[in-house]
Amino acid sequence: MSERVVHDLLYRAAESHAERTAVVDRHRQLSYLALEERANRLAHLLLDVGVSRGDRVGLFLDKSLESLVGIYGILAAGAAYVPLDPQSPVARLAYIVRDAELRVLISAPPNADGWHGLAREGARLETVILPGGDTDFETPAGTRVLPSSALADYPAARLGGSRQSDLAYILYTSGSTGDPKGVSLSHLNARAFVDWAAREFAVSATDRLSSHAPLHFDLSTFDLFAAAHAGAAVVLVPPELSAFPIEVGRWIDEQQITVWYSVPSALTMLTLRGKLQRGSLKRLQTILFAGEVFPTKYLSRLMELLPHARFVNLYGPTETNVCTWYEVPPISDMPPPSIPIGKAITDVEVLAVDGSGRPVADGEVGELCVVGPTVMQGYWGNAGASARALAPLPPTGLGQTPVYRTGDLVRRAHDGNYLFLGRRDAQVKRRGYRIELGEIESALNAHAAVIECAATAARDEIENCRIVAHVVVRDGVEEAELVEACLDRLPRYALPDAFEFRSELPKTSTGKVDRRSLGPLKAG
């Protein structure tokens with residue numbers, strides 16, 4: 001069997017669709033042949049500056065033509081790419097540079113201040129390569145900076161030797177200790193998901209896929225690699241559009257996007273404020289969403305507006321890529337509180353287990369576990385955390401293969417579809433009752449006037465556990481209405497102790513609700 005490596009997707013596209021557009025970045029674009037040639041030149045340059053197979057190379061620039069050249073060039077050199085979010089605090093970036101032992105960085109002139117910040121934090125780099133810029137600015141002492149012109153000195157010939165078991169990229173996520181954890185994913189981990197998705201969603205060379213997620217967010221891998229799988233064009237969404245849903249809708253139309261993938265909050269804003277009409281965005285055929293719960297009242301409305309589109313819920317933590325999926329059928333006039341996360345994708349197995357690691361029966365709540373080729377290699381440089389996350393379970397029907405325990409609580413229905421209930425660590429106990437914060441959010445989201453919400457809990461000297469609902473609502477809604485909405489769906493013991501009305505909820509760089517920055521109201 002041939003090795004399933006990610007950059008082989010680019011090579012095949014360059015052979016079969018050489019002149020087709022590979023990537024569109026505002027008014028710039030590259031064909032598949034041009035993208036491959038630039039990536040191969042960069043790969044040779046990386047080898048020349050000392051990068052070896054298995055090394056990690058940082059990617060410190062906004063999503064752009066150059067970032068795609070960087071990704072494929074790093075992979076073609078046999079190394080793994082490590083995306084660094086330019087908007088992150090420099091202390092966090094410096095930690096990642098040190099943890100992943102990055103010596104070489106692919107970057108851009110606008111990020112030059114960040115190189116100096118890294119140096120001040122003790123994260124020194126040997127080489128910075130600029131695939132699309134020059135060097136007419138001050139560089140950190142001891143760091144060599146190579147401009148785009150340096151690529152011309154290297155051949156465009158392909159390099160070989162990569163294997164599917166090799167590390168392809170590391171995505172750093174928040175860690176319970178406060179330091180980010182590097183999720184290590186192999187070529188096979190990526191390809192197992194991408195190959196399935198490209199086939200299941202029938203991505204073809206005539207498609208145009210939006211690329212909305214930042215590179216340090218795992219959603220980005222579908223856009224980039226599924227497009228290459230089919231020889232389709234990937235169109236980078238200008239980040240400033242996110243604040244203007246009307247412009248997002250116009251952009252989708254103007255760019256003739258056929259496949260969209262994002263977190264539900266972006267689609268919620270498009271539904272509420274995009275001024276769509278029934279039958280809008282006629283070329284948009286497939287809408288994929290993942291990363292958080294999509295309130296069904298907004299999902300059903302969007303489905304009414306875009307009846308020609310296929311809607312699919314994709315689920316999976318970064319550690320597993322996507323592991324389950326659910327195609328949303330037409331929703332009735334009374335949307336259900338939530339939709340399932342569905343069943344396992346091809347070659348992946350999932351199972352709900354109790355606290356001792358044994359399977360639970362259909363209808364019972366358990367923690368979702370995943371085994372298969374999409375599951376990560378481990379956490380970079382953290383053998384202890386890797387062993388805990390991937391430890392074998394008692395006999396479960398999944399064999400003795402190391403299983404990833406997601407920490408997500410689910411219930412399997414009799415039709416085999418799993419329903420997401422919330423996080424294991426978001427389950428709180430109050431007055432002897434176990435309460436899922438996710439269930440509180442589902443109850444609030446069912447109210448027509450609630451735009452978005454999040455429930456948090458904190459210790460209280462009197463009650464021991466105090467639950468606060470942070471809500472964004474339409475004008476004129478009072479707390480009494482929300483209390484009534486909760487009591488319609490929740491037992492009284494699960495009623496929030498307080499409601500905090502906000503103009504908007506804080507978001508992470510990946511577009512999800514930033515729960516860590518939601519400070520629950522203090523008792524009193």
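The values are calculated or read from the model by the stated rules, or taken from the named source; none is laboratory data. Being a predicted model, the structure only gives us computed values, none of them experimental. Positions of Cβ are generated from backbone atoms using ideal geometry, with glycine treated the same way; all protein chains shown enter the neighbour counts.
Taken over the range 1-29, the residue count meeting the criterion of being over 19 Å from TYR169 (Cβ atoms), assigned to a loop (DSSP other than H, G, I, E, B) and not aliphatic (A, V, I, L, M) is 6. Taking the listed residues THR346, THR374, THR401, the one that is crowded, with 19+ Cβ neighbours inside 10 Å and assigned to a loop (DSSP other than H, G, I, E, B) is THR374, with no other qualifying. Cβ-Cβ distances below 6 Å connect no pair with a first residue in the range 244-267 that is over 25 Å from GLY316 (Cβ atoms), a second residue that is small (Gly, Ala, Ser) and surrounded by fewer than 16 Cβ atoms within 10 Å (Cβ to Cβ), and a separation of six or more residues or different chains.
Checked against the criterion of being closer than 22 Å to PRO86 by Cα and either among the hydroxyl-bearing types (Ser, Thr, Tyr) or in a helix (DSSP H, G or I) (or both), the range 242-254 has at least one qualifying residue. Please indicate, with yes or no, whether at least one residue in the range 206-219 is at pLDDT 95 or above and either assigned by TED's automatic domain parsing to the domain that holds GLY372 or more than 24 Å from VAL322 (Cα to Cα) (or both). Scanning the range 206-219, I find at least one residue that is at pLDDT 95 or above and either assigned by TED's automatic domain parsing to the domain that holds GLY372 or more than 24 Å from VAL322 (Cα to Cα) (or both), so the answer is yes. Within the range 261-293, if we keep just the residues that are within 20 Å of ASN445 (Cβ to Cβ), of a type in the set (A, V, I, L, M) and part of a loop (DSSP other than H, G, I, E, B), the residue that is modelled with the lowest pLDDT turns out to be VAL293.
Answer yes or no as to whether ALA226 is crowded, with 24+ Cβ neighbours inside 10 Å, over 24 Å from ARG92 (Cβ atoms) and without any contact (Cβ under 8 Å) to a residue 40 or more places away in the chain. Spelling it out, ALA226 is indeed crowded, with 24+ Cβ neighbours inside 10 Å, over 24 Å from ARG92 (Cβ atoms) and without any contact (Cβ under 8 Å) to a residue 40 or more places away in the chain.
Regarding the range 289-300, can at least one residue be identified that is out of contact with any Gly (no Cβ under 7 Å at 6 or more places or on another chain), farther than 24 Å from ALA455 by Cβ and buried (at least 16 other Cβ atoms within 10 Å of the Cβ)? Within the range 289-300, none of the residues are out of contact with any Gly (no Cβ under 7 Å at 6 or more places or on another chain), farther than 24 Å from ALA455 by Cβ and buried (at least 16 other Cβ atoms within 10 Å of the Cβ).
Answer yes or no as to whether VAL365 is among the aliphatic types (A, V, I, L, M), surrounded by 22 or more Cβ atoms within 10 Å (Cβ to Cβ) and either in contact with a strand residue (DSSP E or B) (Cβ under 6 Å, 6 or more places away or on another chain) or over 21 Å from ASP425 (Cα atoms) (or both). The answer is no for VAL365.
For GLY363, indicate whether it is modelled with pLDDT under 85, part of a loop (DSSP other than H, G, I, E, B) and either outside the structural domain of VAL82 (by TED's automatic domain parsing) or within 20 Å of the chain's Cα centre (by Cα) (or both).
On the way: modelled with pLDDT under 85: no; part of a loop (DSSP other than H, G, I, E, B): yes; either outside the structural domain of VAL82 (by TED's automatic domain parsing) or within 20 Å of the chain's Cα centre (by Cα) (or both): yes.
Criteria not met by GLY363.
In the range 104-149, of all residues being in contact with a helix residue (DSSP H, G or I) (Cβ under 6 Å, 6 or more places away or on another chain) and farther than 22 Å from ARG92 by Cα, the one that is modelled with the lowest pLDDT corresponds to PHE137. Could you tell me whether the range 79-97 includes any residue that is of a type outside the set (A, V, I, L, M), part of a helix (DSSP H, G or I) and within 25 Å of the chain's Cα centre (by Cα)? Yes, there is a match, as at least one residue in the range 79-97 is of a type outside the set (A, V, I, L, M), part of a helix (DSSP H, G or I) and within 25 Å of the chain's Cα centre (by Cα). Checked against (1) crowded, with 16+ Cβ neighbours inside 10 Å; (2) at pLDDT 90 or above, ALA157 meets all criteria but (1). Just so you know, in the range 30-56 the residues that are charged (D, E, K, R) and under 18 Å from ALA168 (Cα atoms) include one that is surrounded by the most Cβ atoms within 10 Å (Cβ to Cβ), and it is GLU36.
Among the candidates VAL183, VAL234, single out the residue that is farther than 28 Å from GLU349 by Cα, of a type in the set (A, V, I, L, M, F, W, C) and at pLDDT 95 or above. Only one candidate qualifies: VAL234. Of all residues in the range 229-241, those satisfying the criterion of being in a helix (DSSP H, G or I) and buried (at least 16 other Cβ atoms within 10 Å of the Cβ) are HIS229, ALA230, LEU241.
Listed residues SER204, SER210; which is outside any helix (DSSP H, G or I), under 19 Å from ARG12 (Cα atoms) and touching a helix residue (DSSP H, G or I) at 6+ places or on another chain (Cβ under 9 Å)? Walk me through how you get there before you give the answer.
Numbers: SER210 fails: under 19 Å from ARG12 (Cα atoms).
None of the other options fit; the residue is SER204.
You will find that of GLY70, GLY54, GLY58, GLY50, the residue that is within 27 Å of the chain's Cα centre (by Cα) and on the phi > 0 side of the Ramachandran plot is GLY54 and no other. Residue pairs whose Cβ atoms lie under 7 Å apart, sitting 6 or more positions apart in sequence or on different chains, and linking a residue in the range 186-213 that is over 21 Å from VAL263 (Cα atoms) to a partner that is part of a strand (DSSP E or B), are SER186/LEU167; SER186/ALA168; HIS187/ALA168.
So in the range 160-180, with the set limited to residues that are at pLDDT 95 or above and outside any loop (DSSP other than H, G, I, E, B), which one is farthest from PRO109 (Cα to Cα)? That would be LEU167.
Please work out which residue is surrounded by the most Cβ atoms within 10 Å (Cβ to Cβ), limiting yourself to the range 15-24 and to residues that are under 16 Å from ASP207 (Cα atoms) and not hydroxyl-bearing (Ser, Thr, Tyr). Even if it seems obvious, please write down each step before you answer.
Within the range 15-24, the subset under 16 Å from ASP207 (Cα atoms) is 16-24.
Add one more test, that the residue is not hydroxyl-bearing (Ser, Thr, Tyr), and what stays is 17-20, 22-24.
Details: HIS17: 19, ALA18: 14, GLU19: 10, ARG20: 17, ALA22: 28, VAL23: 25, VAL24: 17.
Residue satisfying both the conditions and the ranking: ALA22.
Among LEU125, LEU167, which is touching a Leu at 6+ places or on another chain (Cβ under 6 Å) and assigned by TED's automatic domain parsing to the domain that holds GLN29? I'd like the intermediate steps shown before the answer.
Working: LEU167 fails: touching a Leu at 6+ places or on another chain (Cβ under 6 Å).
Matching residue, one of LEU125, LEU167: LEU125.
Suppose we filter the range 1-14 for residues that are surrounded by 23 or more Cβ atoms within 10 Å (Cβ to Cβ) and under 26 Å from the mean Cα position of the chain (by Cα); how many remain? Steps first, please.
Start the filter on the range 1-14 by keeping residues that are surrounded by 23 or more Cβ atoms within 10 Å (Cβ to Cβ), which leaves 5-7, 9-10, 13-14.
Filter once more, so that each one left must be under 26 Å from the mean Cα position of the chain (by Cα): 5-7, 9-10, 13.
Matching residues across the range 1-14 total 6.
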